[in-house]
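Here's the structure we're looking at; comments come further down.
The values are calculated or read from the model by the stated rules, or taken from the named source; none is laboratory data. For clarity, every value in this text was computed on a predicted model and none was experimentally measured. Note that we place each Cβ from the backbone using ideal geometry, even for glycine, and neighbour counts take in every protein chain shown. Note: areas computed on protein heavy atoms with side chains; ligands, DNA, RNA excluded. Shrake-Rupley method; radii C 1.70, N 1.55, O 1.52, S 1.80 Å.
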Amino acid sequence: MEIREIHQGELSQLLALYTHLHDNPMPDVNDTIKKLWNKITFDTDHHIIVGVENDEIISSCVLLIIPNLTHGQRPYALIENVVTHAHHRNKGHATRILAFAREIALRDNCYKIMLMTGSKDERTLRFYEHAGYNQHDKKAFIQWL
C-alpha cells in the first residue's frame, strides 16, 4: 500500500471511502462541495492522508496542524476521520496511515496529537493505544452544534 497525501482529483474516491465511516451517505459532488474541497486542499495545515492500493483509496485520516501560543509556540495536531474500507480492515493499513500522520506532526514541530473516537469497542480502543495514543491523560468533552 502506498501512503501519501491526497491528490486534488481524488475527491470522489475519498467520499466513497467515507461511506465506510459510520454509514456516512455518499453526497453529490456539487458546487458547495467543490468549493469546500478547494479550501481544504489549498490549506497547508490540513492534511488528508491516504493509503492507496491498485489505484484505489482504501484507508485515510485527516491531520490538522493548529498554530498555538502556548508550549513554546509549538503547534498541536488533531486527527479526525480515521477510516479503512470494510474489505481491507485488520491488515495494518490504518496503523500505517496514523504513523504517516505522526511523521507530519513531528516534521511540523507539534508537541502533541489529539484523537477522539466515539467507539466503545475494546478492539478499537486497543488499536488506538497500540498506535501510541492513550485514554488516560485527558478527558474529552464535545458540544454538538
Which condition does residue 96 not pass, out of (1) in contact (Cβ under 8 Å) with a residue 40 or more places away in the chain; (2) open to solvent by less than 80 Å² (accessible area, probe 1.4 Å), if it passes all the others? (2)
Suppose we filter region 120-145 for residues that are under 25 Å from residue 3 (Cα atoms) and not aromatic (Phe, Trp, Tyr); how many remain? 9
Tell me yes or no: at least one residue of region 59-67 is closer than 15 Å to residue 2 by Cα, in contact (Cβ under 8 Å) with a residue 24 or more places away in the chain, surrounded by 14 or more Cβ atoms within 10 Å (Cβ to Cβ) and touching a His at 6+ places or on another chain (Cβ under 7 Å). yes
Against the conditions (1) hydrophobic (A, V, I, L, M, F, W, C); (2) under 20 Å from residue 107 (Cβ atoms); (3) over 16 Å from the mean Cα position of the chain (by Cα), where does residue 26 fall short? Just the number, please. (2)
Filtering region 16-57 down to residues that are among the aliphatic types (A, V, I, L, M), free of Cβ contacts under 8 Å to residues at least 60 places away in the same chain, in contact with a Ser or Thr (Cβ under 9 Å, 6 or more places away or on another chain) and over 20 Å from residue 103 (Cα atoms) yields 26, 29
